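The values are calculated or read from the model by the stated rules, or taken from the named source; none is laboratory data. Predicted, not measured: the structure shown is a model, and the values here were computed from it. FYI the Cβ positions are ideal-geometry reconstructions off the backbone, even for glycines, and counts take in every protein chain you see. We work out accessible area using only protein heavy atoms, side chains counted, and drop any ligands, DNA or RNA first. Shrake-Rupley method; radii C 1.70, N 1.55, O 1.52, S 1.80 Å.
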Amino acid sequence: MADSKSAKLLVEGKEIELPILSPTAGPDVLDIRKLYGQADVFTYDPGFTSTASCDSTITYIDGDKGELWYRGYPIEQLAAESHYLEVCYLLLYGELPTEAQLVDFETRVTRHTMVHEQMHNFFRGFRRDAHPMATMVGVVGAMSAFYHDSTDIADPLQREIASIRLIAKLPTIAAMAYKYSIGQPFVYPRNDLDYASNFLHMCFAVPAEPYNVDPALARAMDRIFTLHADHEQNASTSTVRLAGSSGANPFACIAAGIACLWGPAHGGANQACLEMLREIGSVDRIPEYIAKAKDKNDPFRLMGFGHRVYKNFDPRAKVMKESADEVLELLGVHNNPTLQVAKELERIALEDEYFVSKKLYPNVDFYSGIILEAMGFPTSMFTPIFALSRTVGWISQWKEMIGDPQNKIGRPRQLYVGADKRDYVDLDKR
Ligand code: SDX
C-alpha cells in the first residue's frame, strides 16, 4: 500500500498529520494508529461502520456495486466455474491450485473427515432437542481437548494441520448434530464421495438402506458452501480475529465465530427468514408485514433483507435465487408456496420507497433457506450449514492475522460516560 497521501486534523489548536493508505480496490483509509499518542483523543465508531480493523488480501466487497471477490476472483465466476474445495484452497493459499495441488489438498481434507471416536460421547451429553448450533459451539470448542498436536499457533505446520482438520471435520460435526437431533445413528464420512456429497450422505443416509446422493443436489449444496465461504470482516470473522489475537487455539477461535454467527442479525437470519416467510404464509399477507417492517415502533425486520455493506443487490443472493429455481424445479416443488411468497415479497419490497431509500436488498440469507428446506433440511440446520461453509473463511483470516508480524492483541478503547470518581458510602449512610 502506497501511503504518499495524508490528512491534516486540527485538535484543540494542535495540527495532526495522519497518513492515508491506499488499497488495491475500495476506499482509502486514514491511518490513526498514532492519533492517541499525538492528540490524546480516541476515535468513536460503535459497530465499526467506518473502521478498517486490519489489512487483508483475502476478500473484497464493493457494497455500492454489489461485488464480492475471493482473492480477486468474482463470486459469480467461482460459483459457476469452481467448486468448494478449490475455493478453500484459493482462500487459504491465495492462488487457484494446479491439478496436482488440488488433488493433494482434496486428499488431505478427505483423510481428516472422521472425528475422534470419543467425541461421539459429547453429543450424548446434550438434550436431543438442543439447537444444532449449541451442539456445534460445544463440540468444535472441545476439539481443543482432542487435537493437542495442532494447537501451538506459533508452529506454521500445526496451523496448517488445524486448518485442514477444521475444514474436514466441520461437515461431519454438523451432520452428527443433525442426526443426534432426530434420534438417528451417526453416519461415518466416506472417502469415495466429494465434499458436498459426503455431507448430504452423512445427513440423509440411514444404515437400513443405501442412499445415493443426487449429483444435481450435491452441486447445489457445493455452490451454497462456496457462496458462504468468506465475507471480509463481518461480525463472526471479526470475532475469530479478536479471539485469535490473544493467542487462543484455532478450535476455540472457530467456536467463538460459530457462537457469533448464530445471531439472527447475522448467520441466524437464514433460519429467521424462512420462519418469517412461513409466518407470512401467503402473498396476500405481505403488505401487513411490509408495514410492520416500516413501523419504527415495531422491532420486526424483514429477515434476509438489508446488509451493513451491500447497498445494492448482494451478489450471492442473485446466484442463490437462480439456484433456488433450479433445485425446486429438479425436486418438482417449483410452485413451492414459500418461494412464491419470497419472490413476491422481494418484488414488492424493491418497489417500496422505504426499502429503496434505505437501499435494502435481499441478502445471502433470503433464498438460501428455501433451497435448504427443499433439500430436506430443518430450519435449525440452516445456520450450521452456514457455519461449516464459513469455516474456511474464518480460518483463512485467522491464519493471515497470526502470520502477520505486526499482529498484536486486539484491545478497543471506549467513550466512558459513567459516574465520575466518587467515595464509597457505608451501608448505614445510603
Ligand atoms: C449476514 O456482515 C456481513 O458480511 C454478514 C454476512 C456474511 O456473509 O457474513 O453477509 C451474512 O449476516 C447477512 C445479513 C443477515 N441479516 C438479516 O437478514 C437480518 C435482517 N437485516 C437487518 O437486521 C440489517 O439489515 C442488518 C443487521 C443486516 C444490517 O443493519 P445495519 O447496516 O446496521 O443497518 P441498520 O440496522 O442501521 O438499518 C439502517 C436502516 C434502519 O432504519 P433507520 O433507523 O435508519 O430509520 O434500515 C432499516 C433500519 O431500521 N433496516 C431495515 C432492515 N434492515 C435495516 N428495516 C426493515 N427490515 C430490514 N431487514
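Within the stretch 356-365, if we keep just the residues that are within 6 Å of the ligand (Cβ to nearest atom) and of a type outside the set (A, V, I, L, M), the residue that is farthest from Phe382 (Cα to Cα) turns out to be Lys358.
Apart from one condition, Ser368 fits all of (1) within 15 Å of the ligand (Cβ to nearest atom); (2) more than 24 Å from Ile75 (Cα to Cα); the exception is (2).
Taking the criterion of being small (Gly, Ala, Ser), touching a residue at least 24 places away in the same chain (Cβ under 8 Å) and surrounded by fewer than 24 Cβ atoms within 10 Å (Cβ to Cβ), would at least one residue in the stretch 330-346 satisfy it? Among the residues of the stretch 330-346, not one is small (Gly, Ala, Ser), touching a residue at least 24 places away in the same chain (Cβ under 8 Å) and surrounded by fewer than 24 Cβ atoms within 10 Å (Cβ to Cβ), which makes the answer no. For first residues located in the stretch 392-418 and outside the structural domain of Thr237 (by the TED database) and more than 13 Å from Ser238 (Cα to Cα), partners that are modelled with pLDDT under 95 and part of a loop (DSSP other than H, G, I, E, B) and lie 6+ apart or on another chain with Cβ distances below 6 Å form the pairs Ile402/Ile153. Do we find that Ile153 is touching a Ser or Thr at 6+ places or on another chain (Cβ under 7 Å) and open to solvent by 30 Å² or more (accessible area, probe 1.4 Å) in this structure? It is false that Ile153 is touching a Ser or Thr at 6+ places or on another chain (Cβ under 7 Å) and open to solvent by 30 Å² or more (accessible area, probe 1.4 Å). Looking only at the stretch 165-189, residues that are surrounded by fewer than 19 Cβ atoms within 10 Å (Cβ to Cβ) and either assigned to a helix (DSSP H, G or I) or not β-branched (Val, Ile, Thr) (or both) come to 5 in all.
Here is a check on your reading of the model: is Glu322 more than 16 Å from the ligand (Cβ to nearest atom) and out of contact with any Pro (no Cβ under 7 Å at 6 or more places or on another chain)? Against the criterion (more than 16 Å from the ligand (Cβ to nearest atom) and out of contact with any Pro (no Cβ under 7 Å at 6 or more places or on another chain)), Glu322 qualifies. Considering the stretch 239-287, the residues that are acidic (Asp, Glu) and under 21 Å from Asn363 (Cα atoms) include one that is least open to solvent (accessible area, probe 1.4 Å), namely Glu275.
Taken together, the residues in the stretch 29-57 that are in a loop (DSSP other than H, G, I, E, B), within 13 Å of the ligand (Cβ to nearest atom) and either surrounded by 12 or more Cβ atoms within 10 Å (Cβ to Cβ) or not polar (S, T, N, Q) (or both) amount to 2.
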